[in-house]
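**Q** One structure is given below, represented as structure tokens, and several questions about it will come after.
The values are calculated or read from the model by the stated rules, or taken from the named source; none is laboratory data. Just so we're clear, the structure is a prediction, and the values are computed from it rather than from any experiment. With ideal geometry, Cβ positions are generated from the backbone for all residues, glycine too; neighbour counts draw on all protein chains shown. SASA here: full protein model, heavy atoms, side chains in, ligands and nucleic acids out. Shrake-Rupley method; radii C 1.70, N 1.55, O 1.52, S 1.80 Å.
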Amino acid sequence: MFNQLGGGSSNPNKDLEVMSPPDDTVSALEFSPPSLQQTFLIAGSWDCRVRCWEVEASGKTVPKAAQAMEGPILDVAWHDDGTKVFMASTDKSVKCWDLASNQTVQVAAHEAPVKTCHWIKAPNYTCLMTTSWDKTIKFWDTRSSVPIMNMNLSERCYCADVDYPMAVVGTADRGICLYSLEGKPAEYKRVESPLKHQHRCIAIFKDKKTKQPTGFALGSVEGRVAIQYVNPTNPKDNFTFKCHRPPATTGGYQDIYAVNDIAFHPAHGTLATVGSDGSFSFWDKDARTRLKSSEMLDQPLTKCAFNHNGQIFAYAVGYDWSKGHEHFNPAKKNFIYLRACYEDLKPRST
Amino acid sequence: MGRKKKKASKPWCWYCNREFDDEKILIQHQKAKHFKCHICHKKLYTGPGLSIHCMQVHKEAIDKVPNSLPNRSNIEIEIYGMEGIPPEDVKEHEKQKSGGGKGSDSEDDEPAAKKKATTALLGPGPSTVSPGILPTPMGPAPPGMYHGHMPMNPMMPPFMQAHRMMMPGMRPLFPAVSMPPTSTSKPTFPAYSNATISAPPTTSTTSSSDPKENGEVKPPAANSCPLVTATGAGSKIIHPPEDVSVEEIRARNIKYRPKPKPDAPVPQPQPAPAMITPSTSQAEVWVAAHMNAAVAAARQQQAAAALRRGVLGGVVGVLPASMPRVPVSMPQMAPVMPMLPVMPQFNLVRQLQPGMLLPGGMGGMGGMGGMGGMGSMGGMMPMGAMFPGGVMMQPRYR
């Protein structure tokens, strides 16, 4: 399908391929936290499994382990100590996977598929935050089957991010809700969406000087990202930009693709977006410029992640359903690629 | 026409909500903006006209009116100036105008949405409909009634059906059209399904899709389903027509339905926790609930630190420290299948060099990359073997 449109090959950017990639589209991708000496990568997939690889210094990836759930995986998250992984599934549950013992135990449940899970590490507490299509956000002590806290969302959750002391949730019907995690989780405020189309991905960014979370980037299905500050000093600080819109080819019509994921570089504060068009781009939100755009792949990019020190950029390639189920080709392989990215993401010198 | 009655609302374009002083201008606008063929630039008179033109002349399927707002992109509804606008939308428009127009707020930078006149200010009088439209005293007409009002000839429906049927064979320039009718269940008269969405897209139409208790997210009822439509000129959002996340659409697919858990009760954490209000007592509960967690976390941090230093023999050494957080049910969940040696290299202390992944490091990538690991990975794949009968689920929620 994408090939017919003149799209690129499976690895036009000459990046490193992760060994034994998932059998179906990657739905979640996370690098291990800095608490671990080595670098591990976990990926959740529509094939109901979560896989773990060790990423060696050479760039070699070694498959380490895998776990399965009853339904496709929608999100994964690391425990801050790096010993456990949380897996959210359409089977309405979240499981905790203890990597050391390779055992899983259910730690959260919703009344609908669980869209996101995030581990919250606060000075005075730790908990697991889960959001779901059942229009709730819940906070769990992982030892109890009852959530510590349960709040309603305006709509089904589509995306969420956590960076203590801030959490943000994007929902269907263009809802955004901010949470303050200080002391205990509490709704901070609901924000009017800067975008006009369905929310798809959200990522918190930090202030350059204070290193505290200060805003978020929100991506929509309309190939657009909004940079939004929680408390903008100047209303003009907030802006949106277009992306993942390849130049018009077919009959003068421009195809607009969804922004599937956004990730901020941990060291530079610049960001990466991956799109349904099959490309990734690096951006400097402060200079409001694009730092790099990739070659076009022959399938959508579904997820991306930076490792904790920002040396590695990982992105997942596979069909994202954006053209409906009839364009799903099960024979098409899924990939995860790794790329040395530290230089590419350096902000524009000012 | 519209301005003869001074109190009457201005003519407005159903496709983009823009208002005009004169219906003639409106018609010119529609011909230029919404009914122009993007291939030969011929100006047609109506949406169906454009659709027929493109189909017959260029063999192209047009599924949306160019430059139209989401929900107003229906190509099959015949609108000419103010004629043919669904009565519900007329009513809604009046309401918007009178009721302090929420919804015409945020402006996109797409050229089509650039100008939205929001000047009309009049009460919701019953006769504010411009003469072009047939008055409908009964308010929003039920679909059956609406039929009669359509200035459409009886031969239209068969054509539109034929038009639909031709779609799948066409080039998937507009893949949305080639969606089988299953997903959104488009009726023969899609006009109706869309016509009932009377709110402009900028006001958020509260979705009607309630997650069912069985967890399956139901597609919103067809007649209340907002659609994903580009606002810009000559652009097309690559997304299923329904304004629901692709994950939800995908999860509906039979292939991705969660496997039924044989005898495990559906985990329903009880009692249904109420909304937590920020009262002091609850805050105390919150803190108390976390005391233990904090202790455990501290232990884990120690363990992690040890791991970093490489002092401990490895993960096995970490395990006891992290045990307290693992529920008591752990022992019942002994691994069911012959696992590979668990994370054999987790304990290796290896420096992660900056500058890894540089091209030089690529040499070894080809095939040798952990074939052993791959093998064991493959061995783990048969998932049925991993979860015989939902054993994993039960312990916690029994």
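**Q** Using only Cα atoms, figure out Rg for region A:136-263 and give it as a multiple of 2.2 N^0.38 Å. Walk me through the intermediate numbers first.
**A** Details: Rg = 16.3 Å, N = 128, 2.2 N^0.38 = 13.9 Å.
Dividing the Cα radius of gyration by 2.2 N^0.38 Å gives 1.18.
**Q** Place a +1 charge on the Cβ of each Lys and Arg in chain A and a -1 charge on the Cβ of each Asp and Glu, then give the dipole magnitude about the Cα centre in debye, rounded to the nearest 20.
**A** Here chain A has a charge dipole of around 740 debye.
**Q** Once you sort the root eigenvalues of the Cα gyration tensor of region A:247-350 as a ≥ b ≥ c, which label holds: rounded (a/c under 1.5), prolate (a/b larger than b/c) or oblate (the other case)?
**A** Taking the square roots of the gyration eigenvalues as a ≥ b ≥ c, region A:247-350 is oblate.
**Q** Here's another thing I want to ask about it. Please compute, for peptide A:300-310, the average count of beta-carbon atoms on other protein chains lying within 10 Å of each residue's beta-carbon. Working shown, then result.
**A** On the way: counts 2, 0, 1, 0, 0, 0, 0, 3, 1, 2, 1.
Average neighbour count from other chains, rounded to a whole number: 1.
**Q** Provide the net charge surrounding A:S132, with neighbours chosen by a C-beta distance below 10 Å and charges set as Lys +1, Arg +1, Asp -1, Glu -1.
**A** Around A:S132, the surrounding residues sum to +3.
**Q** While we're looking at this one, here's another question. Over all distinct Cα pairs, what is the inverse of the mean 1/r for chain A, reported as the Kirkwood hydrodynamic radius in Å?
**A** Evaluated on chain A, it is 20.2 Å.
**Q** Can you tell me which of A:79-85, B:27-33 comes out highest on packing, and rank the rest after it, using the mean Cβ neighbours within 10 Å?
**A** Highest mean packing first, the order is A:79-85, B:27-33.
**Q** Moving on to the next point. Just to confirm a number: summing +1 for Lys and Arg and -1 for Asp and Glu over residues other than A:N334 whose beta-carbon lies under 10 angstrom from that of A:N334, what do you get?
**A** -1
**Q** Using a Förster radius of 35 Å, what is the FRET efficiency between A:N231 and A:N13 based on their Cβ-Cβ separation? Nearest 0.05, please.
**A** It comes out at approximately 0.40.
**Q** Using protein chains only (no ligands, no nucleic acids) and a 1.4 Å probe, work out which residues of region A:248-293 have their accessible area cut by at least 50 Å² relative to the chain alone.
**A** Residues passing the criterion (a loss of at least 50 Å², heavy atoms only) are A:Y253, A:I256.
**Q** For the residue pair B:A32 and A:N124, what label-to-label distance in nm results when each label sits 7 Å from Cα along the Cα-to-beta-carbon direction?
**A** 6.4
**Q** What Kirkwood Rh does region A:58-100 have if only Cα atoms enter the pairwise 1/r average? Answer in Å.
**A** Every distinct Cα pair counted, the radius reaches 11.4 Å.
**Q** If you don't mind, there's one more thing I want to ask. Size of the dipole of region A:7-123 about the Cα centre, Lys and Arg at +1 and Asp and Glu at -1 on the beta carbon, nothing else charged, in debye to 20?
**A** In debye, rounded to 20, region A:7-123 gives about 120.
**Q** Can you give the alpha-carbon Rg of region B:14-61 over 2.2 N^0.38 Å, where N counts its residues?
**A** For region B:14-61, the normalised Cα radius of gyration is 1.20.
**Q** Another question, if that's okay. What's the Kirkwood radius of region A:78-143 in Å, using all Cα pairs? List each step's numbers first, then the result.
**A** Values: mean 1/r = 0.0846 Å⁻¹.
For region A:78-143, inverting the mean 1/r across all distinct Cα pairs yields 11.8 Å.
**Q** Chains B and A: how much accessible area gets covered up at their contact, both sides added, probe 1.4 Å, in Å² to the nearest hundred?
**A** In total, chains B and A hide about 11400 Å² from solvent.
**Q** Here is a follow-up. Calculate the spin-label point distance for A:K189 paired with A:V146, positioning each point 7 Å from the Cα along the beta-carbon direction, and give it in nanometres.
**A** It is 3.4 nm.
**Q** Roughly what would the spin-label model give for B:I25 and B:K255, points 7 Å off Cα along C-beta, in nm?
**A** Each label point lies 7 Å from its Cα, and together they span 5.3 nm.
**Q** Give, rounded to the nearest 20 debye, the magnitude of the charge dipole that region A:197-318 has about its Cα centre when Lys and Arg contribute +1 at Cβ and Asp and Glu contribute -1 at Cβ.
**A** It works out to roughly 440 debye.
**Q** Quick one: order A:E222, B:E60, A:E192 from most to least accessible surface, probe 1.4 Å.
**A** Result of the area sort, largest leading: A:E192, B:E60, A:E222.
**Q** Same structure, new question: Per residue of A:78-89, what is the mean number of Cβ atoms on other protein chains within 10 angstrom of that residue's Cβ?
**A** Values: counts 0, 5, 4, 13, 6, 11, 4, 0, 0, 0, 0, 1.
Per residue, the number of nearby Cβ atoms from other chains is 4 on average.
**Q** Further question on the same structure: Counting Lys and Arg as +1 and Asp and Glu as -1, what is the net charge of the other residues whose Cβ lies under 13 Å from the Cβ of B:K43?
**A** +4
**Q** Would you mind telling me the share, in percent, of accessible area of chain A contributed by carbon and sulfur at probe 1.4 angstrom?
**A** Details: 4570 of 9710 Å².
Carbon and sulfur atoms account for 47 percent of the accessible area of chain A.
**Q** Structure shown: which of B:K10/B:K97; A:K64/A:K138; A:K209/A:K285; B:K10/B:K36; A:K332/B:K255 lie over 20 Å apart, alpha-carbon to alpha-carbon?
**A** Distance filter (> 20 Å) returns A:K64/A:K138; B:K10/B:K36.
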